[in-house]
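No lab work stands behind these numbers, since they all come straight from the coordinates. Keep in mind the model is a prediction, meaning the values are calculated, not measured. No Cβ is skipped: glycine too gets one built from the backbone with ideal geometry, and neighbour counts run over all protein chains shown.
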Amino acid sequence: MSADEMDRAAMLSVLLALIYSRINTVLKAQSMDDKLWCVCENTHTCEDGTCNGDMCFFTLVHGQKVKGCFDKEQREQCYVPRITGLYAECCNSNYCNFNLTAPGDDKKEPYVPESVIMLVAVPLFVLLVLSITVCGLVLWLRSRRPHQHLQEHEPSMLKMPSGGDPTYGDIFDEFCTSGSGTGLPYLVQRTMARQISLVECVGKGRYGEVWRGTWMGESVAVKIFSSRDEQSWFRETEIYNTVQLRHENILGFIASDMTSKNSSTQLWLVTHFHELGSLYDFLQYSTLDPEGCLRMCLSVASGLVHLHTEILSTQGKPAIAHRDLKSRNILVKRNGQCCIADLGLAVIHSQSNDYLDVGNNPRVGTKRYMAPEVLDESIRVDVFESYKQTDIWALGLVLWEITRRTIVNGIVEEYRLPFFDVVPSDPSFEEMKKVVCVDQYRPCLHNRLHSHPILSTIAKIMKECWFQSPSARLTALRVRKTLAKLDQDQDSSTDKLKLDV
Ligand code: ADE
């Protein structure tokens, strides 16, 4: 089959899927009376503790109990992979999940004769005391040895994600980081991905599509890669599965899956879902106050520091440069922080193991966000530092987009893409090169920014991200430190204000 025919077949299958889902919706509306009522608990779609569906379910995922309704198409989710910490049960009558519990939850105490207690419990107790003594001794001996590696890094680098209600994403995190692995085993990822119900398309582009899906009653994001961009799927899957990337400012990975559908390959990447969408979408309809702006900028810088930093420990990671940082590849979280997405173009570097892996993706970064040395092709492609420096250029542009939407003295600007005033939409490589390298033009900074302590510092950072010479630019760590200091000063001045009042 030619590429054209494959595209046409893919389009036809998408069309058929759309018609099918439309018919389904109509049928569903008609058969509302046939549906069951179920108890719901701990799902964000739950209203008044009841829901309506084709079957009722109870699930237990690593201690988190969820009750709710599944539609027929979600039936598969009643059969979860048999791994510790996962349990699911479905039933088919009104409110039948009211009394459902996990096996062992409601077991009565079995009768145990005294002789058995003497034979089993006493030796067990002795064993326990012995083990505690040995562990104590080992810990004491270890504490006398000098500490290695871990102390070389700031503790925040190794912190687990925090804040907000636990989601299934967080539960997966716990699952995956409790051992030495970097994610769920491949087979589990596959099983999970195939139990996801796609709900609505939330994004579409050259890369493919992003859907909101549900798994066990919780929302997940499913990025479906276009066949042209399979190298990005391979790269992102490889990085998420081999590098310990859990960080509150990096999009949380759940699973990757490759399937064959109508003789074409479907590539899925399942991640945490963020209902506020991309930073680009968010900035179209929202404005910020200076504190909100600082929180966002600091979170993006923190995500970038985590990527750029090599961590030397058993749970460590190589350094990673993103190479396509932009507001469309950053997601906004409910807590006002952001997380960085799309590692399809990333390069990996380990100084300790002396390797640089630039991958083999034919894709290049987004032209609008390209640094001067990329546009004039003077970038040193064999030096990892070069890629970090191009990320910093793009970071400056993202900070600029955020500050435009920040209200200072009652003034705010409309959302615009960087260089909106000097290049057309979808600019060519040559158009960008003329502006950035020949004219050495930089985005304008509005006067209001200079009248506010937070915004004037961010304006200074931006300028230092846009030096023509890559080595003169700030590092992500420097940007983060400056912003973190601003944030602390902010906190202490509000504390002082509270005390004065
Ligand atoms: N758009 C792209 N990725 C997304 C995600 N993970 N959550 C919500 N919207 C998205």
With label points set 7 Å from each Cα along the Cα-to-Cβ direction at residue 314 and residue 463, the distance between them in nm comes to 4.9
For 47, 238, 76, what ranking results if the residue with the fewest other Cβ atoms within 10 Å of its Cβ goes first? 47, 76, 238
What are the ³J(HN,Hα) values, in whole Hz, obtained from phi via the Karplus relation 6.51 cos²θ - 1.76 cosθ + 1.60 with θ = phi - 60°, for each residue of region 280-293 in sequence order, with x given for Gly and Pro? 4, 5, 4, 5, 5, 10, 10, 10, 10, 9, x, 5, x, 4
Please rank 228, 473, 334, fewest neighbouring Cβ atoms within 10 Å first, as an exposure proxy. 334, 228, 473
Quick one: what are the phi-derived ³J(HN,Hα) couplings along region 360-370, Karplus 6.51/-1.76/1.60 with θ = phi - 60°, whole Hz, x for glycine and proline? 9, 7, x, 5, 10, x, 7, 4, 4, 9, 6
For region 472-489, Karplus-derived ³J(HN,Hα) couplings (6.51, -1.76, 1.60; θ = phi - 60°; whole Hz; x for glycine and proline) come out as 7, 5, 5, 8, 4, 4, 5, 4, 4, 5, 5, 5, 5, 5, 4, 5, 5, 4
Quick check: Cα centre of region 281-349 to Cα centre of region 445-474, how many Å? 19
Across the Cα atoms of region 193-236, what radius of gyration and what greatest pairwise Cα-Cα distance (Dmax) are found, in Å? 11.1, 32
Taking H placed 1.01 Å from N in the peptide plane, check which residues at least 5 places from residue 202 or on another chain put their amide H under 5 Å from its amide H. 210, 211, 212
Most exposed first by the Cβ proxy, i.e. fewest other Cβ within 10 Å, how do 469, 226 rank? 469, 226
Applying a 10 Å radius around every beta-carbon, put 482-492, 204-214 in order of their mean neighbour count, most first. 204-214, 482-492
Just add up the charged neighbours of residue 488: K/R +1, D/E -1, any other residue whose Cβ is under 12 Å from the Cβ of residue 488. -2
Would you mind putting 399-407, 259-267, 360-368, 192-200 in packing order, based on average other-beta-carbon counts within 10 Å, highest first? 399-407, 192-200, 360-368, 259-267
In nm, spacing of pseudo-spin labels at residue 102 and residue 129 (7 Å Cα→C-beta vector): 3.3
Burial ranking of peptide ranges 454-461, 419-426, 440-447 (average Cβ count within 10 Å, highest at the top): 454-461, 440-447, 419-426
Going down the list 367/460; 333/434; 67/326; 326/463; 261/333; 433/481, which pairs span over 27 Å between their C-alpha atoms? 333/434; 67/326; 261/333; 433/481
Relative contact order as a percentage, region 250-364, C-alpha pairs under 8 Å and 6+ apart, gives 24
